[in-house]
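Everything below concerns the one structure shown next.
The values are calculated or read from the model by the stated rules, or taken from the named source; none is laboratory data. Bear in mind that the values here come from a model prediction, so they are computed numbers and not experimental data. No Cβ is skipped: glycine too gets one built from the backbone with ideal geometry, and neighbour counts run over all protein chains shown. Please note that ligands, DNA and RNA were not included when accessible areas were found on the heavy atoms of the full protein model with its side chains. Shrake-Rupley method; radii C 1.70, N 1.55, O 1.52, S 1.80 Å.
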Amino acid sequence: MRPLSAPRFRYEMTFQTRDHSVPATRRAAKAILLGGTPGMKDDCLDRALLIITELVANTVQHAARLSPRAELTLVTDDHCLTIAVHDRDPRLPRVLPPSHPDDIGGRGLRLVHDLAAEVDGTLEVRCDSDRRGKAVHVSLPL
């Protein structure tokens, strides 16, 4: 078990759950990660940006009706980067089984899960205390 460490930085942004928010949020996250974690390896940055893109796209696609806005939070400490996307849609996403080549859609969270698992990271979905929203948290080792 690793000792707890204080966050090196914490970044929060709100985005509209609209299509244009996917590339805009990715660009903002890239700038923040490059500035806030100068030692982050390229493969970790690429993995984080792909995960952010998938989580924001899932929120836009699945939660926009009930949550016109959502939040992205990025936190780093000495050991990991935590990515969280929060919306106010109470429906919980689930990781689907591995896909078949002919499947269309529905595999974004599976991709996020697999990207995190490849580097011993984690994916967790947490309900809000009022059960009117949720956050998807992904932790990646630095």
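Tabulated data for the structure shown
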| item | result |
| --- | --- |
| Accessible-area composition of the chain, carbon plus sulfur, in percent [1.4 Å probe] | 52 |
| Computed label-point distance, nm, for sites Val119 and Asp43 using a 7 Å Cα→Cβ extension | 0.9 |
| Label-point separation, Ala31 to Tyr11 (7 Å along Cα→Cβ), nm | 0.9 |
| Accessible area in square angstrom per residue, the chain, 1.4 angstrom probe | 59 |
| 222 nm mean residue ellipticity, helices alone, for the chain (DSSP H n ≥ 4; -39,500 (n - 2.57); rounded to 500) | -11000 deg cm²/dmol |
| Label corresponding to percent of Cα pairs over 26 Å apart when calculated from the structure given, among (1) 54; (2) 21; (3) 24 | (2) |
| Estimated dipole of the chain in Debye, rounded to 20 [Cβ of Lys and Arg +1, of Asp and Glu -1, Cα centre] | 480 |
